[in-house]
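**Student:** I have a structure here, written as structure tokens, and I will follow up with some questions on it.
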Amino acid sequence: MCAQCSGPASPPRVENRGARAIVLCTVPSLPQIDLVAMPEDHGLACRLRCHREESRVATVSEVLRSVSPDLVVLAGAAGLGREVRRILLARSATDLAVPIGGGDLVVCATIGSPGDSAEAADRTVIALLTAGVAGVLTDLAPSRAAIQAAEKSGAPLLSSWPGLEPTQLYALLVRSLGQRQQALELLQTELQLDFTRLSRAGATPAMLLERLVETTGKTGVLQAKETGIQALRQPVLQDLGTALARRVIQASDAAAQRWTVEAADATVANVLYLELPADRLIRLLAPVWIDARVYATVSIVARSNDLSGRDRVALVAAARAIAATIA
């Protein structure tokens, strides 16, 4: 059994000795999701996941913001940019008959549960956090062990809103996720057309990177496979220094390059998600495919609580347009 996903672990598929990043397992219930560990003494350690672009997934922070702007993050704030595919309601770990893991945002209702002690409720929260879920909302004050589990796994642990029943919160979150997913479907077509028009009008890769930065409000980076950073563009309003952005790219490059060799797949247009917990920053990376080979990569760098599904969709659209321009 794999401690990260509560399921049978796939054999490790990637080992990056340069960055000392090792794929622990592939989450059985979510193909194309990898959990990668890096030792704490690595400095800017990072966690990696890849997901299929067609998912058009929303993030933890945007799903929660659409329900209430007042987020109470108890621990694991570095994971607020994680993708959400399902909302689950559980009163105990045994309530969840389906496999859980990455992409699951869980409302853990413990107060008033028959036969549940505070200790049992806390064990449920810890079990969910260590399963690699997208996040856990709890109606109890978490223990020190739960806080540590959230920080170690990177899964956000959040406090439920006072006066709101867990079932009500669950219904609101389900509605919010559905609305975000519908909006992303329309947005995907819109952004792809926008970037395609620019490409056909003669835009250079640097110009397309500028449009990506304008669209997302995030730092954008274009890297050639062999020569490193070709262009780095930053929006005026993002509170992220150029030196920090370059440090993030440098710290995550070895693992990212290994992923493009071992796991990137042109047929599914998958995107790499990298968490840098020390700075609560996220790097999203999409390969630029030319003749079924990775010619370059385009990335955006953002605060974990500022990442959205729109950013993922725009990144893929920009990568495709850049590929068309180069080809």
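Just so you know, all these numbers are worked out from the coordinates, no wet-lab data involved. None of these values were measured; they are calculated from a predicted model.
**Student:** Filter the range 182-207 down to the residues that are under 23 Å from the mean Cα position of the chain (by Cα) and of a type in the set (A, V, I, L, M), then identify the one that is farthest from Thr59 (Cα to Cα).
**Tutor:** If we take residues in the range 182-207 being under 23 Å from the mean Cα position of the chain (by Cα) and of a type in the set (A, V, I, L, M), then Leu191 is farthest from Thr59 (Cα to Cα).
**Student:** Let me ask something else about it. Limited to the range 291-320, what total is found for residues that are under 12 Å from the mean Cα position of the chain (by Cα), in a strand (DSSP E or B) and charged (D, E, K, R)?
**Tutor:** Count: 1.
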